[in-house]
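Colleague: Below you will find the structure I want to go over with you.
The values are calculated or read from the model by the stated rules, or taken from the named source; none is laboratory data. Treat the numbers as computed from the prediction; the structure is a model and nothing was measured. Neighbour counts run over all protein chains shown; Cβ positions are idealised from the backbone, glycine included. Calculation scope for accessible area: heavy atoms of the full protein, side chains included, ligands and nucleic acids excluded. Shrake-Rupley method; radii C 1.70, N 1.55, O 1.52, S 1.80 Å.
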Amino acid sequence: MHSSLITIEQHILEQQKAHPEATGILTGILYDIALAAKIIAREIRSAGLRHILGEAGSINVQGERQMKLDIFANEVLVRMSSFAGRVAAIGSEEMAAPIFEMGPMRHGKYVLIFDPLDGSSNIDVNISVGTIFGIYRRKSDDGREATMEDVLQPGKVLVAAGYVIYGSSTMMVYSTGSGVHGFTLEPALGEFLLSHPDIRIPERPQYYSTNMAYERWWSEGVRRYTAYLQGMEAEKPPAALSSRYVGSLVADFHRNLLRGGVFYYPLLYKPGKAPKPKLRLLCEAAPMAFIAVQAGGYASDGTQDILEIVPETLHQRVPFFVGNRSLVERAEDYIRRYG
Ligand code: AHG
């Protein structure tokens, strides 16, 4: 069959066949996410028309201004994933604490963590945004309420992860540990069709992606690493790199996944303030790291593998370097040498 005629549902089912012990529950969660993504995509597309752009007026747990579509996307994902009792806990960037409801969730075997609408400050200027998700197996016995221990698991034990990019087309990219596969939403059919089977990060990278406006707050290591990427250090990068930065992690990550490159959001040392990372370990960095590794890349916090970090809190933030393994390891090297 031509790859473009394979729907995401068929593909997920095929992947499940490789695991005869599978109960189909993970498959169900991925279906739910794909359906939620279609609903969110439709809402984003029509947002301008319906005059629902703008802030909802509330502030989320990170102290950030919350847009209406963040709340909408969060609600869609919570509703789609909680009703069938497939997941025991849900953690979201938009919720202060995870949901561990009794009822059907008590028997859930998995934990679902997501950032429902990443890059939401970009929505009202018509720039791509995304949904990021990670799925863990619960650690505690089912039949009772899940615990924080079920939520606070390192990325290396992710069972599946992925993202949806709401761009010039809507794409869902996911991995269950057997490669990375991308599906493009065919709007007339309302189906995600396999468009990018077995994605591998190209060996020859093209881009570096970072917010250069923060250079004055970077460490010496990050500054010199950037000079290396620009070809201004004695040692040269593996290719002449161009710069691209959208400011939506999903968009920056997706471009670099397909074209090769490195994205980084390092620690910022602002005068008079404790150094602070921005991106969230559980909702953003770990799922993207899982995808990167599955595509032949790597992700680090500048000193260690992102997938090895055991989270202490749901909203823990980390410095984040992700992309071609050689470029991310070089960042670790510069940080080790220069701080
Ligand atoms: P938000 O959801 O608040 O728009 O944040 C987006 C995140 C992430 O998607 C992106 O990589 C990063 O923040 C951009 O931050 P800067 O604007 O500081 O570069």
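Colleague: Scanning for something within 19 Å of ALA295 (Cβ to Cβ) and either open to solvent by 20 Å² or more (accessible area, probe 1.4 Å) or away from the ligand (no atom under 14 Å from the Cβ) (or both), does the stretch 213-234 turn up at least one residue?
Modeller: Scanning the stretch 213-234, I find no residue that is within 19 Å of ALA295 (Cβ to Cβ) and either open to solvent by 20 Å² or more (accessible area, probe 1.4 Å) or away from the ligand (no atom under 14 Å from the Cβ) (or both), so the answer is no.
Colleague: Need the failing condition index for ARG200 against (1) within 20 Å of the chain's Cα centre (by Cα); (2) open to solvent by less than 10 Å² (accessible area, probe 1.4 Å); (3) at negative phi; (4) more than 16 Å from the ligand (Cβ to nearest atom), just the number.
Modeller: Among (1) within 20 Å of the chain's Cα centre (by Cα); (2) open to solvent by less than 10 Å² (accessible area, probe 1.4 Å); (3) at negative phi; (4) more than 16 Å from the ligand (Cβ to nearest atom), the lone unmet condition for ARG200 is (2).
Colleague: Can you report the number of residues in the stretch 259-275 which are open to solvent by 50 Å² or more (accessible area, probe 1.4 Å) and away from the ligand (no atom under 13 Å from the Cβ)? Talk me through it step by step, then tell me what you get.
Modeller: Step one: of the stretch 259-275, the residues open to solvent by 50 Å² or more (accessible area, probe 1.4 Å) are 259, 269-275.
Applying the additional criterion that residues be away from the ligand (no atom under 13 Å from the Cβ) yields 259, 269, 271-275.
Matching residues across the stretch 259-275 total 7.
Colleague: Just give me the residues in the stretch 184-213 being more than 30 Å from LEU5 (Cβ to Cβ) and touching a Phe, Trp or Tyr at 6+ places or on another chain (Cβ under 9 Å), in sequence order.
Modeller: Across the stretch 184-213, the qualifying residues are TYR207, TYR208, SER209, THR210, ASN211, MET212.
Colleague: Let me ask something else about it. As an exercise: evaluate ARG86 against (1) crowded, with 24+ Cβ neighbours inside 10 Å; (2) within 16 Å of the ligand (Cβ to nearest atom) and give the number of the one condition it does not meet.
Modeller: (2)
Colleague: Got a number for residues in the stretch 89-106 being crowded, with 22+ Cβ neighbours inside 10 Å and among the acidic types (Asp, Glu)?
Modeller: Count: 2.
Colleague: Output the residue which, of all residues in the stretch 236-253 that are open to solvent by 20 Å² or more (accessible area, probe 1.4 Å) and within 21 Å of GLU284 (Cβ to Cβ), is farthest from the ligand (Cβ to nearest atom).
Modeller: ARG244
Colleague: Among what's in the stretch 96-106 and is under 29 Å from ALA22 (Cβ atoms) and not in a strand (DSSP E or B), pick the residue that is nearest to the ligand (Cβ to nearest atom).
Modeller: PRO98
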